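Everything on this sheet refers to the single structure shown next.
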Amino acid sequence: MDSLSKELIGRELASYEFRIERGKVREFCLAIGETNPIFTNPEEAKKEGYEDTPLPPTFPTAFEFWGCPTIFEDIRKLGIDTERLLHLKQEYIYHKPLYPGNKVKVQTKVSDVRTGKMDTVTFQSICTNEQGEKCLDFLMGIIIRPKE
């Protein structure tokens with residue numbers, strides 16, 4: 001496909017579930033240089049009013065890549081050339097706190113497509129907790145470089 005179409009808006013990717021593991025949160029903090037102890041030390045988190053260590057704000061990106069092994073295949077099925085894909089933006093909207101041990105269900109859909117010299121696609125992911133409550137929305141924008 002040479003150019004994407006707005007007809008992709010509303011198309012869903014495969015849903016998946018993700019169990020938040022304390023060790024993965026710790027690894028994530030190490031990888032990004034996060035040193036605030038509320039993210040890795042339950043006692044420090046409780047002193048700040050949390051019931052456990054909250055997630056670092058950008059951790060949900062890991063949901064997609066650790067929790068959804070077919071994400072690139074799903075994106076290719078939309079007609080997007082993943083060899084030309086670049087990350088454009090990421091946004092997180094928390095509705096309820098998430099902690100290690102929580103399990104979330106994630107459903108992602110295409111929420112916007114813009115075509116031009118370089119096409120952009122925005123994906124909206126909605127996460128629900130084990131009680132079925134919406135706990136997080138996150139948006140990921142990608143840009144597709146033109147063919148040379």
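Which members of region 72-120 meet the condition of being within 17 Å of Leu8 (Cβ to Cβ), among the β-branched types (Val, Ile, Thr) and touching a residue at least 24 places away in the same chain (Cβ under 8 Å)? Hits for region 72-120 are Ile75, Ile80, Thr108, Val110, Val113, Thr115, Thr120. The residues of region 72-90 that are surrounded by fewer than 12 Cβ atoms within 10 Å (Cβ to Cβ) and either over 15 Å from the mean Cα position of the chain (by Cα) or among the aliphatic types (A, V, I, L, M) (or both), listed by number, are Glu83, Leu86. Within this structure, Ile143 passes the test of being more than 20 Å from Glu12 (Cβ to Cβ) and part of a strand (DSSP E or B).
Quick one: in region 99-124, of everything that is assigned to a loop (DSSP other than H, G, I, E, B) and at pLDDT below 95, which residue is surrounded by the fewest Cβ atoms within 10 Å (Cβ to Cβ)? Per the stated criteria, the residue is Lys117.
The set of residues in region 39-71 that are free of Cβ contacts under 8 Å to residues at least 24 places away in the same chain, in a helix (DSSP H, G or I) and surrounded by fewer than 19 Cβ atoms within 10 Å (Cβ to Cβ) comprises Pro42, Glu43, Glu44, Lys46, Lys47, Phe65. Within region 18-41, being among the charged types (D, E, K, R) and in contact with a helix residue (DSSP H, G or I) (Cβ under 7 Å, 6 or more places away or on another chain) holds for one residue alone: Lys24.
The residue of region 1-29 that is modelled with the highest pLDDT, among those that are in a loop (DSSP other than H, G, I, E, B) and more than 20 Å from Lys105 (Cα to Cα), is Ile9.
The values are calculated or read from the model by the stated rules, or taken from the named source; none is laboratory data. Since the structure is predicted, the reported quantities are computational estimates derived from the model, not experimental observations. Note that we place each Cβ from the backbone using ideal geometry, even for glycine, and neighbour counts take in every protein chain shown.
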